[in-house]
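The values are calculated or read from the model by the stated rules, or taken from the named source; none is laboratory data. Keep in mind that what you see is a predicted model, and the values were worked out from it rather than measured. So basically every Cβ, Gly included, is an ideal-geometry build from the backbone, and we count neighbours across all protein chains shown. Heads up: the accessible areas ignore ligands, DNA and RNA and are worked out on the full protein's heavy atoms, side chains in. Shrake-Rupley method; radii C 1.70, N 1.55, O 1.52, S 1.80 Å.
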Amino acid sequence: MKRIALIFISAFTAVSLSAQETYENANIATGDLNGTARYVGMGGAMDALGADISTIGSNPAGIGLFRHSVVNASFGFVSQQDAQDFAGANKTNMSFDQIGLVYSRRTGRNSFLNLAFNYHKSRNFNYILSAADGLRGASQNKGSYMKGAFGDFEPYFNGRLENGGTVVADANAFSQVDYLYYNTLITDADGYFYYENADNYLFNRENSGYIGEYDFNISGNINDRVYLGLTFGISDVNYKSYSEYSESIAGGGITLADERRIDGTGFNVKAGLIFRPVETSPFRIGVSVATPTWYDLNTSNYTVLYNNTQYGIRDSYDIGESYDFKLYTPWKFGVSVGTTVGNYLAIGAGYEYADYGSLDSRINTGGGYDWYYDEYYETTSADRAMNHHTENTLKAVNTFKVGLEFKPDSKLAVRVGYNYISPMYEDNGFKNGSIDSPGSYYSSSTDYTNWHATNRMTFGLGYNIGKLSLDLAYQYVVQSGDFSPFRNDSGELYSDANPNETVEISNFCNAVNVDNKRHQLLFTLGYHF
């Protein structure tokens, strides 16, 4: 047990402002390659080729290439490689991925006006993360201790607890994790503060849920050379996670069990253009743009700290919070090319750009009632502190897609595709729980992962029976990252033995490698009329 002469107290009171944290925001803002089996089988490289309902969300002009009305639905299985089942979560899950309809109507000799609706699962959160390593004297509770000792949440130097022995705080940097440690492990019966060194840790988390995207599209073409499309999208967020973080401490150990939910909705607008530069050539160029998704979200948690050591003042303590916040994702820009050779070969390629460093965390500041328009409104402001952290932690992402479809005969199609997605996270990024932001205040975990580049490899088959189409796709996703249970920190405090001297205090842990390798098997049943 380590003791420093700096002894303090602070007050934990509820605040009405709310926002979210960079790493949670990044998890919501990103998407998967998903949709019809044909689209996935070609690696999503159909933004210039069009005539697949999944282009409704990537390049809306692709719907303008339909010449018949179509309805289709997709489902399949997703399995995580090398994962161990945890807390009732399975590494293999069935998934309903897409259902949609395109209504095509001729408006001229070579022109059509098409209307479409499509639902697809744009993000599948199912994932099990496991990590373990030695700590060699570092610990999560030491991090909480140091935040207070360094004055991150405005300590008072009276050496006594308030509110009947309950530590409370009034600054945003005092997180729920800090609250649990100060009320359980690192406070003694006399009101003095300590920290405990740990030998090693074990971490497990299971994520589940999805983001469902509901897209409504109007599109058409001009003389079969220029294709235009506009899509309005509504997003439905359903995210759940449960984690257990355990540290081995001399004389026992601690376990932090955290449950979190994020729910809400958002909307966006997407526009696209496809054109054939040469009238006699099937070669086409596509461009697209998507507005931010403007999310209105609620997050809630229930977190318990179990103290199985001989130290501290409690064996366990719990806390739960809930708040509303807004999140605006970045703009997305895409360019693509595609061509066909006869009726037996289609080739496509695409590029997409999105700057995730521009993610905008928003604080709900109030609202009111507009009597003129007879409606309620809500006001927000940018969470400047968290947004500054996001700018330094996340960066622009470049996505490259290529795909090919070959038809050995008119009924059978063989498809392959590949994606490369550049890293979103800075190598030296970290989860900063000392930011003066409600995103830190409501945080109930300290871990973070800086994920590297993503590689997707796809393969597909298709078979037509009259107006009926049967499609199958396989997707393998490979990604690795660096996991840390808490951020590294160090500094100087006044010595207990001599108030005129300072001592160095540090809390360093190694990042460990973790993987996210997933297999997806996808089936699509379609009918055109």
* To do: Kindly list, by first and then second residue, each pair from a residue in segment 295-320 that is modelled with pLDDT of 95 or more to a residue that is of a type in the set (D, E, K, R) and part of a loop (DSSP other than H, G, I, E, B), limited to pairs with Cβ atoms under 6 Å and residues at least 6 apart or on different chains.
  => 307/315
* To do: Determine which single condition residue 352 fails, assuming it passes every other condition in (1) surrounded by 19 or more Cβ atoms within 10 Å (Cβ to Cβ); (2) over 26 Å from the mean Cα position of the chain (by Cα).
  => (2)
* Any pair with Cβ under 6 angstrom, 6 or more apart, that starts in segment 370-387 at a residue that is closer than 14 Å to residue 324 by Cα and ends at one that is modelled with pLDDT of 85 or more and of a type in the set (Lys, Arg) -> 380/326; 380/362
* Counting just the residues of segment 203-262 that are without any contact (Cβ under 8 Å) to a residue 60 or more places away in the chain and basic (Lys, Arg), which one comes out farthest from residue 307 (Cα to Cα)? -> 225
* **Only listed residue being farther than 25 Å from residue 97 by Cβ, surrounded by fewer than 17 Cβ atoms within 10 Å (Cβ to Cβ) and touching a strand residue (DSSP E or B) at 6+ places or on another chain (Cβ under 9 Å), chosen from 490, 445** => 490
* Going through segment 307-327 one residue at a time, which ones are under 30 Å from residue 294 (Cα atoms) and aliphatic (A, V, I, L, M)? -> 319, 327
* Pairs with Cβ under 6 Å, 6+ apart, first in segment 265-281 and charged (D, E, K, R), second at pLDDT below 95 and exposed (fewer than 15 other Cβ atoms within 10 Å of the Cβ) -> 276/225
* What residue, of 380, 399, 365, is open to solvent by 30 Å² or more (accessible area, probe 1.4 Å), within 26 Å of residue 31 (Cα to Cα) and assigned to a strand (DSSP E or B)? -> 380
* To do: Could you list all residues from segment 456-468 that are part of a strand (DSSP E or B) and either open to solvent by 30 Å² or more (accessible area, probe 1.4 Å) or of a type in the set (Asp, Glu) (or both)?
  => 456, 457, 459, 461, 463, 464, 465, 468
* Asked: Out of all the residues in segment 469-487, which are in contact with a Ser or Thr (Cβ under 6 Å, 6 or more places away or on another chain) and either outside any strand (DSSP E or B) or of a type in the set (Asp, Glu) (or both)?
  -> 471, 486
* To do: Return only the number of the condition from (1) open to solvent by 20 Å² or more (accessible area, probe 1.4 Å); (2) aliphatic (A, V, I, L, M); (3) closer than 24 Å to residue 223 by Cα; (4) in a strand (DSSP E or B) that residue 94 does not satisfy.
  => (3)
* Looking only at segment 290-310, which residues are farther than 30 Å from residue 254 by Cβ and in a loop (DSSP other than H, G, I, E, B)? -> 291, 292, 293
* Structure fact -> Among 11, 5, 87, the single one that is at pLDDT below 95, over 22 Å from residue 399 (Cβ atoms) and open to solvent by less than 30 Å² (accessible area, probe 1.4 Å) is 11
* Structure fact -> Within segment 340-398, restricting to residues that are out of contact with any strand residue (DSSP E or B) (no Cβ under 7 Å at 6 or more places or on another chain) and at positive phi, the one that is modelled with the lowest pLDDT is 374
* Asked: Within the bounds of segment 447-470, is there any residue that is closer than 28 Å to residue 257 by Cα and in contact with an Asp or Glu (Cβ under 6 Å, 6 or more places away or on another chain)?
  -> yes
* Enumeration of residues in segment 119-166 that are open to solvent by 30 Å² or more (accessible area, probe 1.4 Å), part of a loop (DSSP other than H, G, I, E, B) and either at pLDDT 95 or above or over 22 Å from residue 250 (Cβ atoms) (or both) -> 126, 150, 151, 152, 154, 157, 158, 160, 161, 162, 163, 164
* Determine whether segment 225-239 contains at least one residue that is among the charged types (D, E, K, R) and open to solvent by less than 30 Å² (accessible area, probe 1.4 Å). => no
* Asked: If you check every pair at least six apart or on different chains, which have Cβ atoms under 6 Å apart with a residue in segment 15-37 that is at positive phi first and a residue that is at pLDDT 95 or above and open to solvent by 10 Å² or more (accessible area, probe 1.4 Å) second?
  -> 35/54; 35/120
